[in-house]
Amino acid sequence: MGIEIICDYQGSDQHVYECFSAGEEAEADIFLWLDKVDKTQSRSPSITALPDNEYEIVGLYKGTCQHENSLYYLVDLLIELLTTNEFNDDSRPAETGEWVRAVGFFYIELP
């Protein structure tokens, strides 16, 4: 059994249809576009669907990383996930190895 994740994308509708054909596998980078990363008392990695296509993720904070000239937070839940910092300041949300919670929208960067 898998998990269905609804994603936004950056690009035109035509580009999406060119990159992803129904019924076929394709690789793409998936990110969580979020408001803020906060420490949590939870100690179980999870992805939870919320209303309006938002998701809550809980996982271990692994620090920051650069991806295509942008800074991202790296959260290790069931997979390592890059999260944006669109509306927060640039302060570190946690120490490496601490459990964090983030809420936001998944999006795909098209090739």
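Determine the sum of side-chain charges near L60: Lys and Arg each +1, Asp and Glu each -1, restricted to other residues whose C-beta is under 10 angstrom from that of L60.
Combined, the nearby Lys, Arg, Asp and Glu give -1.
Given a cut-off of under 8 Å on Cα pairs at least six residues apart, what relative contact order in percent is computed for the chain?
41 percent
Between A28 and R92, what's the calculated FRET efficiency when r is the beta-carbon distance and R0 is 30 Å? Round to 0.05.
Calculated value: 0.60.
Could you point to the label whose value was computed as Rg and Dmax of the Cα atoms in Å for the structure here, given (1) 29.5, 95; (2) 14.4, 43; (3) 13.6, 41?
Among (1) 29.5, 95; (2) 14.4, 43; (3) 13.6, 41, the one derived from this structure is (2).
Mind checking the dipole of the range 27-109: about its Cα centre, +1 per Lys or Arg Cβ, -1 per Asp or Glu Cβ, Debye to the nearest 20?
400 debye
Can you find, among F106, T48, G59, the residue sitting farthest towards the positive end of the charge dipole of the chain, where Lys and Arg contribute +1 and Asp and Glu -1 at Cβ?
So the residue we want is G59.
Bear in mind these aren't lab numbers, they're just calculated from the coordinates by the rules spelled out. Since this is a predicted model, take the numbers as computed values, not measurements. Heads up, the Cβs are rebuilt from the backbone with ideal geometry, glycines too, and the neighbour counts pull from every protein chain shown.
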